[in-house]
Amino acid sequence: SDRRYVAWLMLVTLAYNWNCWFIPLRFVFPYHSPSNMIYWVAVDTICDICYLCDLLVFQPRVQFLRGGDIISDKVEMKKFYYSSVKFRLDVLAVLPFDVLYFFFGFNSAFRANRFLKHNSFFEFNDRLEAILDKAYIYRVIRTTGYLLFILHINACLYYWASDYEGLGSTRWVYDGEGNMYLRCYYWAVRTLITIGGLPEPQTLFEIVFQLLNFFLGVFVFSSLIGQMRDVIGAATAGQNYYRSCMDNTVSYMNTYSIPRLVQNRVRTWYEYTWDSQGMLDESELLEQMPLKMQLAIAIDVNFAIVNKVDLFKGCDTQMIYDMLLRLKSIVYLPGDFVCKKGEIGREMYIIKQGEVQVLGGPDGTKVLVTLRAGAVFGEISLLAAGGGNRRTANVVAHGFANLFILDKKTLNEILVHYPDSEKLLMKKAKVLLKEKGKPAPGPPVQQPRGLASLFGQKQETPKLFKAMLGGRGKEGLAKLLQLKRAQDAQVTPQKIQQILSGAKRDLHRADGKTTAKTPASWEITTVPNHSKAQAEKQPEQPKQPEQPAASSAPPTQQPKPVPVQRETSKDSLIISMAPSPRAGEGEILTVEVKEKTK
């Protein structure tokens, strides 16, 4: 991938193409003359110098692999090159057969050994494709060059056949008029592509030559067309996949009568995703690479963004690397809700591209803040305990927004291997949650100065005293009476007396112990020794002999007395409710009457 070496290979390739194109041309066409002989020799000499420098300077310094190790020792590199087949071909390619010019005259056929430098030509093609961003463009140009070169060779053969038969001797051969090379090239194109409309061959040689030319043309032309189709197909494979996915999705939506508005949004998502990142799912491309290469790409693309998150500062670097591999990229259209108020937050969002707006206010349409590329929100939801943390506002994509998402499940799977980082994140999460739950700060409290700072802060004055001190004369007394009445209204047992009024209506005493049935099926028992009555709510049913209580019955819950002060009596009435010790018999109402102590 060294660009300097690729540049040198380009010079060698230019020299190789000069020999490939002009050696056949000069061998067939009479383009040599004493006036231009020096120019041909000068260019040939430059090409030979390039071949020789490549043989002596560059190729012995090319590194190679041995058992998976890159060998960079100069002695070892020379030995490897000198023992290779490429070295033998390079030596044959620079042999100076040109000296035969002095014995047989100038003839480009003596330079035919220059064709043996083909290894450098193909090496240049491979290395150039490796460093190009759009290598398919070069592949198309190279395939077109192959086609033009084959047509060039066919034109040279046609002129040679015409010269062999005699220029202008028949209608089939070249008649010697006009530009000889262009006329022959035109004939080669029409023959090789089998267009037709050519003069019929007359002699046996012409017929055999034409038949071979047709057979060769069909084979070569079909091969080049197939290769061109493969090159263009590989170049547009991603585009074809995108179109196929979009067409299948549209067909699915039409089958189920999806509304037109939804279909337009789906099309918009496809178009924007493809235009912005050149593929629909980046993870499909990365999955084909080794884990180390995936990590290297993820660090270059996402590390600068994740490193800005305060929540992950101080964590293990390897944990952050693992997290980078688990980030998911999602594209939101303008107006899409990223998250809604009241939802359970299970993800953290990192803005890769675009903007989002946080909405609030009474109607939920007021823009509270606009977050741009590099901003992070929802990080508290990753570590919230007890079922998650509810979103407190709506977040909407302002335009096209590309966000990274890290869910809570993925983070927990990563933290299993990094307990120290997990503890640090839990501490930070508690601090963030505590800060989030603090009320809005009020006005600052002024600290006492001087001797007043030696005493504690004064307690609040009771309301009764405030009422007495707040007014004078009848005004202050009136406020005091109002507060007194309010307190009495809070403790007056009016509702309880209404409940007991029906029970007391039929109550009568007999020998210190009285039992009566109330209209509401209440059974009330009065015990004079303790001034206590128990009432049990039961459905009316025929009397049966009493059964001993089962040992498995739950213990009777001790009722909690609720003292109530009556307004017209000197006695205190305490009422309480408790479940019955017998299963399925309702509840027990306990009423206790106590005389006030004087």
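The values are calculated or read from the model by the stated rules, or taken from the named source; none is laboratory data. Just so we're clear, the structure is a prediction, and the values are computed from it rather than from any experiment. Ideal geometry is used to build each Cβ from the backbone, glycine not excepted, and the neighbour counts take in all protein chains shown. These accessible areas exclude ligands, DNA and RNA; they are computed on the full protein's heavy atoms, side chains included. Shrake-Rupley method; radii C 1.70, N 1.55, O 1.52, S 1.80 Å.
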Pairs returned, first residue in the stretch 4-29 that is part of a helix (DSSP H, G or I), second residue that is of a type in the set (Gly, Ala, Ser) and open to solvent by 30 Å² or more (accessible area, probe 1.4 Å), beta-carbon separation under 8 angstrom, 6 or more apart or interchain, are ILE23/ALA109; ILE23/ALA112; PHE27/ALA109
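Yes/no per residue for (1) closer than 30 Å to PRO334 by Cα; (2) out of contact with any Phe, Trp or Tyr (no Cβ under 9 Å at 6 or more places or on another chain); (3) modelled with pLDDT under 85:
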{"position": "PRO362", "(1), (2), (3)": "yes, yes, yes"}
{"position": "THR365", "(1), (2), (3)": "yes, yes, yes"}
{"position": "VAL376", "(1), (2), (3)": "yes, no, yes"}
{"position": "VAL395", "(1), (2), (3)": "yes, no, no"}
{"position": "PHE400", "(1), (2), (3)": "yes, no, no"}
{"position": "PHE404", "(1), (2), (3)": "yes, no, no"}
Pairs returned, first residue in the stretch 316-337 that is closer than 19 Å to LEU291 by Cβ, second residue that is among the basic types (Lys, Arg) and surrounded by fewer than 15 Cβ atoms within 10 Å (Cβ to Cβ), beta-carbon separation under 9 angstrom, 6 or more apart or interchain, are none
May I ask you to verify whether MET348 is out of contact with any His (no Cβ under 8 Å at 6 or more places or on another chain) and assigned to a strand (DSSP E or B)? yes
Does the stretch 115-136 contain any residue that is under 22 Å from ILE23 (Cα atoms), modelled with pLDDT under 90 and open to solvent by 80 Å² or more (accessible area, probe 1.4 Å)?
no
Within the stretch 43-76, restricting to residues that are loosely packed, with under 10 Cβ neighbours inside 10 Å and among the β-branched types (Val, Ile, Thr), the one that is nearest to ASP2 (Cα to Cα) is ILE70
